[in-house]
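Asks: Encoded as structure tokens, here's the structure I'll be asking about.
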Amino acid sequence: RAETIAYDDYDALGGEAAWKKINSRETKFEIDFENQGVKGSGTSYAKFPNLTGTDTNLTALGKPIGTVFEYFDGTNGGQTASFAPSEIYTGQRLEDVKYENDFYGLLNWKNNLKSAEVTGIGKVGEEDVYVVKFTPEKASEYTYFISQKTFLPLKRTSVIVSSTSSQKFPITQIFSDYRAVDGVMIPFKTVTASPSMGDVVTYLKNVKHNVSIEDAKFKPKK
């Protein structure tokens, strides 16, 4: 049953043929840290098979207050900020980042997976959903809430694991405003909720596929 839902899900997202025509993505976004009074904008880059980099400029009361850069080069990853010590991902955190940055995401849901099971049905807002739990071989388990009507993923729950301790922090993402870009469906609004940050809302402003991206975008800045 979980396999059937997963296949219906990535068909709803555009299907394998459409996704496999894409090998890179450049995304312009705006972000609102609703509980901190901080906003931001930036650009994220992704390239097959699992390279990612995100530059974010933060503002408060309309004035610049700092920058954040997150990266994963296929092997190593981390985060640097203008107002905090740099972090290099290690251990379980690194395994999670490696798994989550698979360029084709749910299309490759079987890769490195121990199990997938439907644990129930529920609702996201007013919409009925299937609740599907995924347990990877090495990465932390996570759960998708998939619309029974459209088969689009509406919600994801998971954990963020500290690189320096065994602490795990729950995180919830709500996906909405799906739009077709080059034949694939992408949520243009994501609300990420966590105990430490409250609600963080990300709005996509522009998405471009198959752009040339230099490898420096996925490595720590010198």
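The values are calculated or read from the model by the stated rules, or taken from the named source; none is laboratory data. Since this is a predicted model, take the numbers as computed values, not measurements. Cβ placement follows ideal geometry from the backbone for every residue including glycine, while neighbour counts extend to all protein chains displayed. For the accessible areas, the whole protein counts, side chains as well, though only heavy atoms, and no ligand, DNA or RNA atoms are used. Shrake-Rupley method; radii C 1.70, N 1.55, O 1.52, S 1.80 Å.
Asks: Over the stretch 1-75, what relative contact order in percent results from Cα pairs under 8 Å that are six or more residues apart? Walk me through the numbers on the way to the answer.
Replies: Details: 107 pairs, mean separation 15.0, N = 75.
Contact order relative to length: 20 percent.
Asks: I want to check the label-to-label distance for GLU214 and LYS149. Put each point 7 Å from Cα in the C-beta direction and report it in nm to one decimal.
Replies: 4.7
Asks: Helix 91-100 versus the longest principal axis of the chain: what is the Cα-based angle in degrees, 0 to 90, to the nearest 10?
Replies: 60
Asks: So if R0 is 41 Å, what FRET efficiency would LEU61 and SER24 give, r being the distance between their Cβ atoms, rounded to the nearest 0.05?
Replies: Working: r = 36 Å, r/R0 = 0.87.
Efficiency computed from Cβ-Cβ geometry: 0.70.
Asks: Taking 8 Å as the Cα distance limit and 6 or more residues as the minimum spacing, I'd like the relative contact order of the chain as a percentage.
Replies: On the way: 499 pairs, mean separation 51.6, N = 222.
Taking the mean separation of contacting Cα pairs over the length of the chain, I get 23 percent.
Asks: Find which of ASN50, VAL124, VAL181 sits farthest along the positive direction of the dipole of the chain, computed with +1 on the beta-carbon of Lys and Arg, -1 on that of Asp and Glu, about the Cα centre.
Replies: In the chain, that residue is ASN50.
Asks: What lysines does LYS219 reach when the alpha-carbon gap must be under 22 Å and sequence neighbours fewer than 8 apart in one chain are set aside?
Replies: Filter leaves LYS28, LYS47, LYS98, LYS208.
Asks: Would you mind working out the accessible area per residue for the stretch 1-43, using a 1.4 Å probe, and quoting it in Å²? Show your work: numbers first, answer last.
Replies: Values: 2190 Å² over 43 residues.
Per residue, the stretch 1-43 has 51 Å² of solvent-accessible surface.
Asks: Can you list the aspartates and glutamates whose alpha carbon is less than 20 Å from that of LYS133, not counting same-chain residues fewer than 8 positions off?
Replies: Filter leaves GLU3, ASP8, ASP9, ASP11, GLU95, ASP96, GLU100, ASP102, GLU117, GLU141.
Asks: Express the carbon and sulfur contribution to the solvent-accessible surface of the chain as a percent, rounded to the nearest whole number, probe 1.4 angstrom. If you can, show how the numbers build up before the last one.
Replies: Details: 5870 of 11870 Å².
Of all accessible area on the chain, carbon and sulfur atoms account for 49 percent.
Asks: A further question on this structure: Per residue of the chain, what 222 nm ellipticity follows from adding -39500 (n - 2.57) for every DSSP H run with n ≥ 4, rounded to the nearest 500? Write out the running numbers ahead of the final one.
Replies: Numbers: 3 runs with 26 residues, N = 222.
About -3500 deg cm²/dmol.
Asks: Another question about this same structure. Against the longest principal axis of the chain, how steep is helix 2-12, in degrees 0 to 90 to the nearest 10, with axes from Cα atoms?
Replies: Once rounded, the angle reads 60 degrees.
Asks: Which stretch or stretches of the stretch 46-69 have amide N atoms under 14 Å from the point lying 7 Å from PHE83's Cα along the Cα→Cβ direction?
Replies: 56-69
Asks: Kirkwood Rh and Cα-based Rg: tell me the resulting Rg over Rh for the chain, rounded to two decimals.
Replies: On the way: Rg = 17.2 Å, Rh = 18.3 Å.
Using only Cα positions, Rg/Rh for the chain is 0.94.
Asks: Ok, one more. If I model a spin label as a point 7 Å beyond the Cα along the Cα-Cβ vector, how far apart are those points for GLU141 and LYS114 in nm?
Replies: With each label placed 7 Å out from Cα toward Cβ, I get 0.8 nm.
Asks: Could you check the simple spin-label distance between VAL201 and ASN76, using points 7 Å along Cα→Cβ, in nm with one decimal?
Replies: 3.8
Asks: Between the DSSP loop rule and a limit of at most 13 other Cβ atoms within 10 Å, which chymotrypsin sites (Phe, Trp or Tyr not before Pro) in the stretch 1-109 are left? List each step's numbers first, then the result.
Replies: Details: sites: TYR7, TYR10, TRP19, PHE29, PHE33, TYR45, PHE69, TYR71, PHE72, PHE83, TYR89, TYR99, PHE103, TYR104, TRP109; in loops: PHE83, TYR89, PHE103, TYR104, TRP109.
Hits after loop and neighbour filter: PHE83.
Asks: Would you mind finding the longest exposed-site-free stretch of the chain, with exposed GluC sites (Glu not before Pro) meaning DSSP loop and at most 12 other Cβ atoms within 10 Å?
Replies: Working: sites that count: GLU126, GLU137, GLU214.
Answer - 1-125.
Asks: Determine the dipole magnitude for the stretch 90-222: charges of +1 sit on the beta-carbon of Lys and Arg, -1 on that of Asp and Glu, nothing else is charged, the reference point is the Cα centre, and the result goes in debye to the nearest 20. Can you show the working numbers first?
Replies: Working: 19 positive and 15 negative charges, 76 e Å.
The calculation lands at about 360 debye.
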